[in-house]
Amino acid sequence: MSKFELKLPQMGESVAEATLTTWLKEVGDTIELDEAVFEIATDKVDSEVPSEVEGKLLEKRFDVDDVIKVGEVVAVIEMEGGANGATTIQEAEPVTEVMPEVSEPAAQLENEIKAVRETVTGPAQDMGNAERFYSPLVKNIAKQEGISMAELDTIPGTGKEGRVTKNDILAFIENRGEKTVVAPKVESMPAPSPKAKEILAEVPKVEKPQPKASTVEVKDGDEIIPLTRMGKLIAQHMVDSVSTSAHVQSFVEVDVTNVVHWRNKIKKDFEQREGEKLTFTPIFMEAVAVAIKKFPMINISLDGDKVIKKKNINLGMAAALPDGNLIVPVIKNADQLNLVGMAKTVNDLANRARNNALKPDEIKDGTYTVTNVGTFGSVFGTPIINQPQVGILALGAIRKIPSVIETPEGDFIGIRHKMFLSHSYDHRVVNGALGGMFVKTVADYLEAWDLNRQI
């Protein structure tokens, strides 16, 4: 018999951990190849993790609500005979960490500095118990409910190693009004030495921020609808993006009359031949991929003071879910697909997104995102950048409008199909010239569409 370690897979460039939400198998259950073993949740997606082998579930390393790092072993599966990827589980040798000795005067000086700093800036806020770990799920609930770290530290944990689970914090919230939290007694510190005072002499006094009072008044007849867990995570992700990137927008109006007429001419033949509907989305995705190849500095990420120029062009495609939330499946190597391949990929990802059937690998590694706000009738929008990318393009609704048409014989008014492209970009690394030229290149590609193009 051999054993296989099922690890938490990488789920996105910026995702380092996930919360285990459900075990779909119990110890002793038989597991088929590619059968889901457990479910996880991140700030981007809820997903099932399938088994890479056939066998029997031998061991579960984590409990529900535990936070798991990418690459950690979540389950051990026993297989009959050998198999690729099998490994023998061995007990790790205990490691004794030798800490450097700290001289008593240095330790005393450090404590004095800390005491004086707190008298100047006030005690550290919301640090809580430094030895206690809280999952992102628990922290988000605490933040939404206004629970301080001091209160959080008082909640008894029923999870692994005494961790606070979702049920623990929800029970605390329900009974919150019935309990009184006793503030810990603060012992006075001895007067600091002259040396400590000298070191901290230049520390400026910081005013403690005052909490903002709620301005929402709930009246009779108002309905209170709690945010879903995914809704809270998306909301936080959007706030983090706005706080991280300096958002700037450029807008271009595009004449897509040729694109509309060409699609109307060939869409029936395309569907009969390929078994796929031809929407406008793959056409726009092709235009974006062409523009990125011309302006590769749009296809970057900023890591501290370093710019990471991406080799692959992986286009994120924002798709609406039945519950109103959004998910962003990724078209990998979009510049290498012809229009038929692009159409098939777009349709497949969109259909499986609506059915919650996307795999973790299909929502990660995006380098640029496109969102179609025109689907909902919007003429244009100002989308928020999908971190850690530096740009996102919003496609507005296609409208018939009267327009001036220039010809060698003179100008005249005609009916044209037009739309707006709205480009949001990170002004820390993308200046107005680059951001504007990129979206203008997308527009030029669409306006020059060949009515006789074969597909």
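The values are calculated or read from the model by the stated rules, or taken from the named source; none is laboratory data. Keep in mind that this is a model prediction, so the values were computed, not measured. Heads up, the Cβs are rebuilt from the backbone with ideal geometry, glycines too, and the neighbour counts pull from every protein chain shown.
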Tell me whether the stretch 213-221 contains one or more residues that are of a type in the set (S, T, N, Q), within 26 Å of residue 21 (Cβ to Cβ) and either assigned to a loop (DSSP other than H, G, I, E, B) or at pLDDT 80 or above (or both).
no
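Does the stretch 317-340 include one or more residues that are out of contact with any Lys or Arg (no Cβ under 6 Å at 6 or more places or on another chain), in a helix (DSSP H, G or I), crowded, with 22+ Cβ neighbours inside 10 Å and among the β-branched types (Val, Ile, Thr)? I'd like the intermediate steps shown before the answer.
First, pick out the residues of the stretch 317-340 that are out of contact with any Lys or Arg (no Cβ under 6 Å at 6 or more places or on another chain): 317-334, 336-340.
Filter once more, keeping what is in a helix (DSSP H, G or I): 334, 336, 339-340.
Keeping just the survivors that are crowded, with 22+ Cβ neighbours inside 10 Å gives 334.
Still in the running and among the β-branched types (Val, Ile, Thr): none.
Scanning the stretch 317-340, I find no residue that is out of contact with any Lys or Arg (no Cβ under 6 Å at 6 or more places or on another chain), in a helix (DSSP H, G or I), crowded, with 22+ Cβ neighbours inside 10 Å and among the β-branched types (Val, Ile, Thr), so the answer is no.
Can you tell me which residue in the stretch 243-297 is farthest from residue 405 (Cα to Cα), limited to those that are assigned to a strand (DSSP E or B) and aliphatic (A, V, I, L, M)?
Our first condition is that a residue be assigned to a strand (DSSP E or B); within the stretch 243-297, this holds for 247-255.
Those still in the list that are aliphatic (A, V, I, L, M) too: 248, 252, 254.
Numbers: 248: 31, 252: 17, 254: 13 Å.
Among residues in the stretch 243-297 that are assigned to a strand (DSSP E or B) and aliphatic (A, V, I, L, M), the one farthest from residue 405 (Cα to Cα) is 248.
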The condition of being within 20 Å of residue 395 (Cα to Cα) and either more than 25 Å from the chain's Cα centre (by Cα) or surrounded by fewer than 15 Cβ atoms within 10 Å (Cβ to Cβ) (or both) holds, among 252, 307, only for 252
Pairs where the first residue, in the stretch 17-34, is under 11 Å from residue 137 (Cα atoms) and the second is of a type in the set (Phe, Trp, Tyr) and surrounded by 12 or more Cβ atoms within 10 Å (Cβ to Cβ), C-beta under 7 Å, 6+ apart:
20/38; 20/62
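Return the residues of the stretch 351-367 that are touching a residue at least 40 places away in the same chain (Cβ under 8 Å) and among the hydrophobic types (A, V, I, L, M, F, W, C); say none if nothing qualifies. I'd like the intermediate steps shown before the answer.
We begin by selecting, within the stretch 351-367, every residue touching a residue at least 40 places away in the same chain (Cβ under 8 Å); these are 356, 358-361, 363-367.
The answer is 358, 363.
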Subset of the stretch 375-429, residues in contact with a Pro (Cβ under 7 Å, 6 or more places away or on another chain) and not polar (S, T, N, Q), comes to 392, 394, 413, 415
Report, by residue number, each residue of the stretch 52-74 that is touching a helix residue (DSSP H, G or I) at 6+ places or on another chain (Cβ under 8 Å) and surrounded by fewer than 17 Cβ atoms within 10 Å (Cβ to Cβ).
63
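Just a yes or no: is a residue in the stretch 69-84 under 25 Å from residue 323 (Cα atoms) and either at pLDDT 85 or above or not in a strand (DSSP E or B) (or both)?
Going through the stretch 69-84, the residues under 25 Å from residue 323 (Cα atoms) turn out to be none.
Looking for residues that are under 25 Å from residue 323 (Cα atoms) and either at pLDDT 85 or above or not in a strand (DSSP E or B) (or both), one finds none in the stretch 69-84, hence no.
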